[in-house]
C-alpha cells in the first residue's frame, strides 16, 4: 500500500491538516475512482462553477493561483495558457500522462485513483481557453490507469460532464479522446508527445517555437499540461485562485505530490504544502519517509528525478521550493526524491542513471545519441574493472560535448534536455565521489 | 489471422473516428493488432496502413520506435522487471539474476515453451514499491525472490487472471453518438462557440436536460473530418 498524505493524529508544526490534500483527497477511498464517490465528495462542482463564469475569468483564477506546472520544468500554467495566439483556431488540449522519469510516481496514482478529478480539470481548461478537443495521452505501460480513465470517461460522458453540451450548456461541447502510448520516455517531452499523438516516431521538434501553444498538434495552438497540473484545477476553480496561492510558499503555491523512494524506511507518495516542507521533513519525518534504515547514514539524494543533480546532507534543510532548489544547483523536477544511503555503490548508481538516458535517447541529435551511449559504455567498463585512469576525464569530456561547460542550469547542444540530463548524475558523482571511481580504475 | 479480424476492423474504425486526422490512431491500432496476435505482424501493419491511408513503411517507421510494440512473437507472459534507480537500490539486479535462473533464459529471451519473455525494463513508476515488476503490464510490488517463484508457478499453472500479452486495458472508451461533441479538424474550425457570446455566463446553462440535442456545428465537423482523413469505407 502506498502511503498517501499524513495521518491526522500527527499534525505538522505550522500547517492545518485540511490544507494538505488537494489532489490526493480521494486516495484513501477504494471507490474514489467512481463517479458516485467523486460527486459525493464535491466532484464536478469546479466545472459547474467555471461554466457560470466567463472563460477569461476562469483563466484569471488560474493565473491568480500561480499554479506551477507539475511535470518537471515548473513553468507557470496560467502564463503558458496565455501563449495561444489570438484568433487561430482550433486549439487543442493534450494531457501529458506519460510519466516515466525514474523515481517519479504520482501521475499514475492520480489517473488510477481519481480519474474524474483529471477529467474535470481537462474540461475546465478547455472551457477557459476555447480548446475544442482534448487528447488524454497515457503512458502505454499503465494498463490499469488506462482502464480507470476509460471507465471514468464513459461515466462522465453518460452523465453529461464531457462531450456534447456539457452540463446542459448550449455551446460548450468538447470530446476527450483517451489515447495511449507504447513505451518511450522521450514522449514526455511535449513536442515529442505531439509527434507521437500524430502517429509518428516520438522525436522532439526543433525550437522555436518554444511552446506548442503557438504551433502544436496538427500545427495548431496546443496546450500541453501535466496530469497533476490539471488535477489541481477543480479545486482552484471551486475555492478560488487566491485560496490556492495562500497555501505553500509565495513562489511555489498550493500543494505538491512527492514520491520518496530508495533507502528509506517508509517509501511513499505524499502530498505536502509546496515550498514550506524541507527535504529533512519529507525524508526523515515519521509522517513521511520515516528516515534511513537502522545504523545507516545518508550518502546522497536525488531531489527531482533522474535528470536532477544530486543533493547531500548539507541540502537537507532546503525547502521543497522551486527557487531555493534551483539556486542550490538542482531542481524539483517531477517530484521524485530518491534516497541513497552509505551502502550505495555510487559508480553503479551513476551507471544505472546514465544507462537509462542512453536507452531512451531518441537518436535525433548526435551529441545525445552518441554521447549518452559512450557514457554508458565507459561506465560499464569502469564497473567491470576494465577502466583506464583517463576514463574519468573522458567522461567529463563527453559530458562537456553534450552540455557545454557542464553547468546548472545546463546548456545544451541538443533539441531537448534528455542528453544534458545524462550529464547530471556523472557531474554530481564525480565531483563528490571521485575516489570511488578511482578505486575502480587502476 | 494476421490482418485485423472483422470485429477489430469495426473497433479500428471507431477509434479512427475519434481523431481529426486518421494517422493519430496509428499507435492505438498497433496495440489492437498486438492484442489480436500477441505481436504486430507485417500483414497487420499493411492492413493498418490501408485503414489510415498511409504506407506500410510509415506504419513500420512508427512501430519500430516504441518498445512495447513487438514485431516478433513473444511469450504469453511478458515479465518486465524494473531496473530503474529506485528498484536498483533495492535489489533489482538480484531479482533479475534470480529470474534468469528460474526461467532458464537471459533477460530479453523467451522460454522454449513460449510461455515467458523476460525483460529488464526502465522505470515503470512504482518506485515506492521497489523492487517491482510487471506481467503483461500488471504490477507486482515489492517482489522477493520467493514471490517471484510463486508468481511463475501460478502463471505456469494457468491460475492467474492476467490476460495474454497484447491485451492492455480491459475497459475501453465508448462514446455514444448522441453524447459525442465531434472531432475538431485542424483546418475546419472557427473560434470555439462558447467563447463567442455577449453574456457574462458563457456556459449558458439553461436547465435543459443534457440529453436534449441541440443543433451543433460540430456534428458536421465530424463528417467533414472523416472525408478528409481518408478513412476507408
So in the protein assembly as shown, what percent of DSSP beta bridges are antiparallel if you round to the nearest 5? 45 percent
Full extension from residue A:207 to residue A:323: what is 0.36 nm times the residue separation minus their Cα-Cα distance, to one decimal in nm? 39.2 nm
Per residue of B:81-94, how many C-beta atoms from partner chains lie within 10 Å of its own C-beta, taken as a mean? 6
When the helix-only estimate is applied to chain A (DSSP H runs of n ≥ 4, each -39,500 (n - 2.57), divided by the residue count), what is the mean residue ellipticity at 222 nm, nearest 500 deg cm²/dmol? -11500 deg cm²/dmol
Using only Cα atoms, what is the ratio of the radius of gyration of the stretch A:175-282 to 2.2 N^0.38 Å? 1.35
In whole Å, how far is the Cα centre of the stretch A:86-130 from that of the stretch A:152-191? 9 Å
Whole-number D in µm² s⁻¹ for the protein assembly as shown, Kirkwood Cα-pair radius fed into Stokes-Einstein, 25 °C, 0.890 mPa s: 96 µm²/s
Extension gain (nm, one decimal) between residue B:46 and residue B:170, 0.36 nm per residue minus Cα-Cα: 42.1 nm
If I model a spin label at residue B:153 and residue A:159 as a point 7 Å from the Cα along the Cα→Cβ vector, what separation in nanometres do I get? 4.4 nm
At a 10 Å Cβ-Cβ cut-off, how would you order A:256, A:296, A:26, fewest neighbours first? A:296, A:26, A:256
Across the residues of B:24-30, average count of Cβ atoms on other protein chains within 10 Å? 6
Which one, A:276, A:191, A:177, has the greatest fluctuation when you compute a Gaussian network model over chain A with C-alpha springs under 10 angstrom? A:177
Points 7 angstrom from Cα along the Cβ direction at residue A:342 and residue A:73: gap in nanometres? 4.2 nm
Could you work out how far helix A:115-129 tilts from the main Cα principal axis of chain A, as a 0 to 90 degree angle to the nearest 10? 70 degrees
At what distance in nm do the modelled label points of residue A:381 and residue B:138 sit from each other, each positioned 7 Å from its Cα along Cα→Cβ? 4.5 nm
C-alpha long axis of helix A:366-383 to longest principal axis of chain A, angle in °: 50 degrees
Distance in Å, no decimals, from the C-alpha centre of the stretch A:341-408 to the one of the stretch B:123-199 is 33 Å
Full extension from residue A:40 to residue A:388: what is 0.36 nm times the residue separation minus their Cα-Cα distance, to one decimal in nm? 118.8 nm
Ranked from fewest to most other Cβ atoms within 10 Å of their own Cβ, A:170, B:101, B:142, A:220 fall in the order B:101, B:142, A:170, A:220
Among A:332, A:320, A:353, the residue with the largest mean-square fluctuation in a Gaussian network model of chain A built from Cα contacts under 10 Å is A:353
With Cα springs under 10 Å, the Gaussian network model of chain A assigns the largest mean-square fluctuation among A:46, A:385, A:262 to A:385
Antiparallel content of DSSP bridges confined to the stretch A:247-341, in %, to 5: 75 percent
Can you tell me the orientation of helix A:346-360 relative to chain A, as the angle in degrees between its alpha-carbon axis and the longest Cα principal axis, to the nearest 10? 50 degrees
Taking neighbour Cβ counts within 10 Å as the exposure measure, how do B:41, A:222 sort from fewest upward? B:41, A:222
Please figure out what share of the DSSP beta bridges in the stretch B:77-157 is antiparallel and state it in percent, rounded to the nearest 5. 55 percent
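Readers should treat all values here as calculations from the given coordinates under stated rules, not as data from a laboratory. These figures come from a predicted structure and were not determined experimentally. For neighbour counting, all protein chains shown are included, and Cβ atoms are generated from backbone atoms with ideal geometry for every residue, glycine included.
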